[in-house]
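The values are calculated or read from the model by the stated rules, or taken from the named source; none is laboratory data. This is a predicted model, so every value here is computed, not measured. Neighbour counts run over all protein chains shown; Cβ positions are idealised from the backbone, glycine included.
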Number of protein chains: 2
Amino acid sequence: MKKSVGAKTQLFPTPVLMVGTYDEDGKPNLMIAAWGGICCSQPPCVAVSLRKATYSYNAIVERKAFTVGIAGESIIKEADYCGIFSGRDFDKFAVTGLTPVKSEHVDAPYAAECEVVLECRLLHTIEIGLHTQFIGEIIDVKGNENVFSEDGQLDIMKIQPLIFDTSHKGYHGVTPCIGKAFTIGKELQK
Amino acid sequence: MKKSVGAKTQLFPTPVLMVGTYDEDGKPNLMIAAWGGICCSQPPCVAVSLRKATYSYNAIVERKAFTVGIAGESIIKEADYCGIFSGRDFDKFAVTGLTPVKSEHVDAPYAAECEVVLECRLLHTIEIGLHTQFIGEIIDVKGNENVFSEDGQLDIMKIQPLIFDTSHKGYHGVTPCIGKAFTIGKELQK
């Protein structure tokens, strides 16, 4: 028997995405979005939802570009800081000590300390309600050299991505692999 | 120094969402979507992306409703099965033994064994490319009685949500809380 908690934004897991933009003066900024995820395989696209009131909103509209950095456990305080304060009031790179890097392919910055970053070109803007969803085409994905496994692929256990708990507003980590996808379910097929 | 892996759908974490629908004959079906996430707070909305070729695609278009169940570790094999096979060929509830339950508020089913379920009314349909994004308004969120903590809120450690690794195609779990959001970043503000 299930118990209702009402019409709430509860989902498990949600990511901790560091959205990187330049403002009109070219100042780099980072904000945190837990409302987002991959939304298409071809073209490869990622969606992030922002309130119009955020400092990053106009930056994305103006430059038609943003980055999505994966916040790992090593920068948990820096990521949380970027989710509390506004780039309108503070230079978040200066306060956190994170290092701004200009993207190779799009007009947006990222933090060098983000283990993985997606460089995105704005493709669609969807007005939903309090949040506007920006769909970005993923032009390139980059990872720091220390987060690759021997097979040359990105290694989630080295990335140590943060997970945001929508219920108790905490950050969690990721456990080692507990099952191989598209494989372990096959044994149910008689 | 970062190394490029190209334009790929890599994001960490991505969720394991069990999308529940009725087909034209009223047969309940479940599929797995890792491409999705919360996309608006007011109205509360969740997005899931499906290929047109999936059996669930027409069901959502026709009934304008779907559920999003959170796949927990206890049903990892059942969830994986639902991500491998098509409802066009199999009755996935019958094969997996999962129990179909009709939603209270929308015209879609869910699995009783999903610890948490979101009942959704179709709000927007966004054609992106290979995937179509369905944005659903969350009408209600329900949880099994065993996944609530003493404060009456959903407890992520009891839900044990699965995480999908886009790089090595494996399932992972969630560790205990490692930091309080909107709190631990404040100490960086001098």
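Remarks
- Residue check for residue A:8: in a strand (DSSP E or B), farther than 22 Å from residue A:123 by Cβ, modelled with pLDDT of 95 or more and within 7 Å of chain B (Cβ to nearest Cβ): no
- Residue match in the stretch A:5-15 (condition: buried (at least 21 other Cβ atoms within 10 Å of the Cβ) and more than 23 Å from residue B:173 (Cα to Cα)): no
- Selection count, the stretch A:32-46, where residues are over 17 Å from residue B:12 (Cβ atoms) and surrounded by 24 or more Cβ atoms within 10 Å (Cβ to Cβ): 1
- Criterion: more than 11 Å from every other protein chain (Cβ to nearest Cβ), surrounded by fewer than 24 Cβ atoms within 10 Å (Cβ to Cβ) and at pLDDT 95 or above - qualifying residue of A:96, A:21, A:54, A:67: A:54
- Selection of the stretch B:132-172 for residues being in contact with a Leu (Cβ under 7 Å, 6 or more places away or on another chain), farther than 23 Å from residue A:39 by Cβ and within 8 Å of another protein chain (Cβ to nearest Cβ) yields B:143, B:148.
- Those residues of the stretch A:3-23 which are more than 18 Å from residue B:17 (Cα to Cα) and not hydrophobic (A, V, I, L, M, F, W, C), in sequence order: A:3, A:4, A:6, A:20, A:21, A:22, A:23
- Applying the criterion of at least 1 residues that are basic (Lys, Arg) to the strands (runs of 3 or more DSSP E) found wholly in the stretch B:26-128 leaves B:45-51, B:100-102, B:116-127.
- Against the test of being surrounded by 18 or more Cβ atoms within 10 Å (Cβ to Cβ) and at pLDDT 95 or above, the options B:167, B:149 yield a single qualifying residue, B:167.
- Unique residue being buried (at least 24 other Cβ atoms within 10 Å of the Cβ), of a type in the set (D, E, K, R) and touching a helix residue (DSSP H, G or I) at 6+ places or on another chain (Cβ under 9 Å) when the list is B:80, B:89: B:80
- Contact annotation: residue pairs with Cβ atoms under 9 Å, 6 or more positions apart or on different chains, pairing a residue in the stretch A:161-185 that is more than 17 Å from residue B:116 (Cβ to Cβ) with a partner that is at pLDDT 95 or above and basic (Lys, Arg), are A:171/B:180; A:179/B:77; A:180/B:169; A:181/B:169; A:182/B:169; A:183/B:169; A:184/B:77; A:185/B:77.
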